[in-house]
């Protein structure tokens, strides 16, 4: 209610309404109905949208795992209370502040709070903060603060302010409204003084009526409403397609995107992994390989890979002495087992970055060959060295020798390859083709083996990728953003990329002026999703990704993105058309005000006549044009284009209206102010209807019906005295009608010429400069 009722322009219109009612001329106060209409439509539509979105948010609402009565249960985050014991797993976003009570190699990324990109290992007694993300391991935390008392709550207002998606429409509209407000402050006292001294006005009532008419004409009363309404209705339309919009301007933002960064797993593929086979590389028994895989894979709940391995090999009976959980940064995990040494499971090129012997070399070659077929490959390797030092004679780690817990044990030898497959989404190729056809560059950035990523990219048709070998190993990417931008201009597919590198890719593209969208579903995508202009998370992804994204595809259907783009384009293109209508009125109202001051004449339009003009040639057509379908591609420069059209067009209408007003009084002195206003009103109505036809192009059936209906209603208003004369204060005669038609015809020709000149200057398809065209 506050957002839709207590607005600056509603307040201004209310003041003008009170002033008009004080004159006793109630007809001229009908513009006050605009206050009610604007407020009612805005409130009703926002409530409808809220109900729709609330139903969707129940699906994606964050939950927390708490231990109560020794049982782990999922509850709403809002139900967590002080001293609850929370269980945290990889991919969770910590919902509260707390102290670690149990840590199984728990690693927390606090980058969203502190900006520090390196994960922090949390031990018993360490603090954890709400908003941080579990990237590896698992543990339990006792709650010390909830709700507004948490650390993240103190940053929430500033974080929200700094991360809201930029909206060219909102920014342009706000700038326009500020300018109009300044103009009104300057024009109002000058015009009132002029009207009080004009010989055309008889008494203060006439002077005030003319001043109010000019000021009402300068108020773009429906522009803000239509902008917010277009966003809201687009959000509801997307909600029906299982796309949750968490920030309204994100709909527009995706329409402006010219680069889409894609994570492979869960975006191009369905995210469900299955183990195709386990390929042994030495003479280790199948039983030991199975036991090691089951133990090294970790908790099946932490990742799709662990879940697939657990389904294939079952559980292990071995007792671990220590472990390092898998993380996206390391790309390997390890476990030491009493009597069985240490087992490492991870990316082959991370386990054996520089092969030292023939066995390691052959293992790497075998993994590369499998990866080139589009398979995900994990290397299982064995060492007699424990994670934290050598193993002594009793089979325990020798604590007298200290080692970096994140360092691979020495003496590793390849044991087996776990080959996993993931099904490519059936709609991936078609969706990528859509973006390619729309001139949007695609960058596939994945933590998987470059050959695996390259093979998938070939299958789905990423432009510039012809074989698996075209993918780039991200471990060699430069850290300098300018140099990284050069590499991104040359290549489209990157493998073995770390979470921080994904963030750098987004930053490098943005530095070059690109509007970047990032899609992902894993915890390793969180930072990039947060930094991208538009973050798109999959509904089945990690809770942390859904929390930071602006859009959530609840059914994880990548194919919804073209519809989101279409909705964004509809919003941008249609609001631009509606804005042109409103600003044209502001311009000709200003022209008429300046002419009235310069000639000391009465204002050429009465408030009630402006209400008729605004309703039938701006409000009603603007509403329909703002909400209709529109597939025009995004072209930068919303506000300059609006002003380029509205400036000369408004000037033409203003000059035509004042000409009709002046010529009528010159040729027929007895007509007076009322006769001149009749000719001016008819001139503006005819010319404004032509402007509607110009902005409604290309014509479709519903647009032609809209224009014809508006023309028919206006003819009835003028022809029926009870409407035209009694309510709208029009006094039409054949001569005044012919004069208005002649002047309006000339004005329409000038409007058409202006439109055609501008259309040649602004292409429908944005032309990208040579420096931004991807060479791939």
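Of note:
- Scanning segment 625-642 for residues that are surrounded by fewer than 19 Cβ atoms within 10 Å (Cβ to Cβ) and either modelled with pLDDT of 85 or more or in contact with a strand residue (DSSP E or B) (Cβ under 7 Å, 6 or more places away or on another chain) (or both) yields 640, 641.
- Taking every residue in segment 672-687 that is assigned by TED's automatic domain parsing to the domain that holds residue 742 and at positive phi and pairing it with any residue that is modelled with pLDDT under 95 and in a helix (DSSP H, G or I), at least 6 positions away or on another chain, the pairs with Cβ-Cβ distances below 9 Å are 672/665.
- Any hit, segment 262-269, residues being within 16 Å of residue 345 (Cβ to Cβ) and modelled with pLDDT of 85 or more: no
- Search result, residues across segment 120-143 that are more than 33 Å from the chain's Cα centre (by Cα) and in a loop (DSSP other than H, G, I, E, B): 122, 123, 124, 125, 126
- Flag if residue 593 is touching a residue at least 12 places away in the same chain (Cβ under 8 Å) and in the same structural domain as residue 741 (by TED's automatic domain parsing): yes
- Residue within segment 307-321 that is surrounded by fewer than 21 Cβ atoms within 10 Å (Cβ to Cβ), part of a strand (DSSP E or B) and either modelled with pLDDT under 90 or on the phi < 0 side of the Ramachandran plot (or both) present: yes
- A single member of 411, 339 is more than 17 Å from residue 322 (Cα to Cα), surrounded by fewer than 16 Cβ atoms within 10 Å (Cβ to Cβ) and either modelled with pLDDT under 85 or more than 48 Å from the chain's Cα centre (by Cα) (or both), and it is 411.
- Listed by position, the helices (runs of 4 or more DSSP H) contained in segment 192-265 that have at least 1 residues being within 15 Å of the chain's Cα centre (by Cα) and farther than 30 Å from residue 592 by Cα are 223-239, 249-256.
- Per-region count, segment 675-689, residues over 13 Å from residue 718 (Cβ atoms) and surrounded by fewer than 24 Cβ atoms within 10 Å (Cβ to Cβ): 1
- Just one of the numbered conditions (1) over 21 Å from residue 64 (Cβ atoms); (2) touching a strand residue (DSSP E or B) at 6+ places or on another chain (Cβ under 8 Å); (3) free of Cβ contacts under 8 Å to residues at least 60 places away in the same chain is not true of residue 537: (1).
- Check on residue 665, without any contact (Cβ under 8 Å) to a residue 12 or more places away in the chain, outside any helix (DSSP H, G or I) and closer than 30 Å to residue 180 by Cβ: no
- Residue count, segment 467-485 (criterion: exposed (fewer than 13 other Cβ atoms within 10 Å of the Cβ) and either on the phi > 0 side of the Ramachandran plot or without any contact (Cβ under 8 Å) to a residue 12 or more places away in the chain (or both)): 3
- In this structure, residue 529 does satisfy being in a helix (DSSP H, G or I) and in contact with a strand residue (DSSP E or B) (Cβ under 6 Å, 6 or more places away or on another chain).
- Taking segment 1-102 and the helices (runs of 4 or more DSSP H) fully enclosed by it, the elements with 1 or more residues that are under 30 Å from residue 537 (Cα atoms) and either in contact with a helix residue (DSSP H, G or I) (Cβ under 9 Å, 6 or more places away or on another chain) or at pLDDT below 70 (or both) are at 2-5, 33-60.
- Residue 280, sole failed condition from (1) touching a helix residue (DSSP H, G or I) at 6+ places or on another chain (Cβ under 7 Å); (2) buried (at least 16 other Cβ atoms within 10 Å of the Cβ); (3) modelled with pLDDT of 85 or more: (2)
- Single residue of 465, 487 found to be at pLDDT below 90 and in contact with a strand residue (DSSP E or B) (Cβ under 8 Å, 6 or more places away or on another chain): 465
- Restricting attention to segment 434-462 and to residues that are in a loop (DSSP other than H, G, I, E, B) and in contact with a strand residue (DSSP E or B) (Cβ under 7 Å, 6 or more places away or on another chain), the residue that is farthest from residue 264 (Cα to Cα) turns out to be 440.
- Cβ pairs under 9 Å, 6+ apart, first in segment 726-754 and at positive phi, second part of a helix (DSSP H, G or I): 729/27; 729/28; 729/608; 729/609; 729/674; 729/677; 729/678; 729/681
- Test: residue in segment 714-723 that is in a loop (DSSP other than H, G, I, E, B), out of contact with any strand residue (DSSP E or B) (no Cβ under 9 Å at 6 or more places or on another chain) and at pLDDT below 90: no
- Subset tally (residues that are part of a helix (DSSP H, G or I) and farther than 15 Å from residue 317 by Cβ) for segment 287-299: 0
- Residue 539 being surrounded by fewer than 23 Cβ atoms within 10 Å (Cβ to Cβ) and touching a helix residue (DSSP H, G or I) at 6+ places or on another chain (Cβ under 7 Å): yes
The values are calculated or read from the model by the stated rules, or taken from the named source; none is laboratory data. Since the structure is predicted, the reported quantities are computational estimates derived from the model, not experimental observations. In this analysis, Cβ positions are derived from the backbone assuming ideal geometry, glycine residues included, and neighbour counts consider all displayed protein chains.
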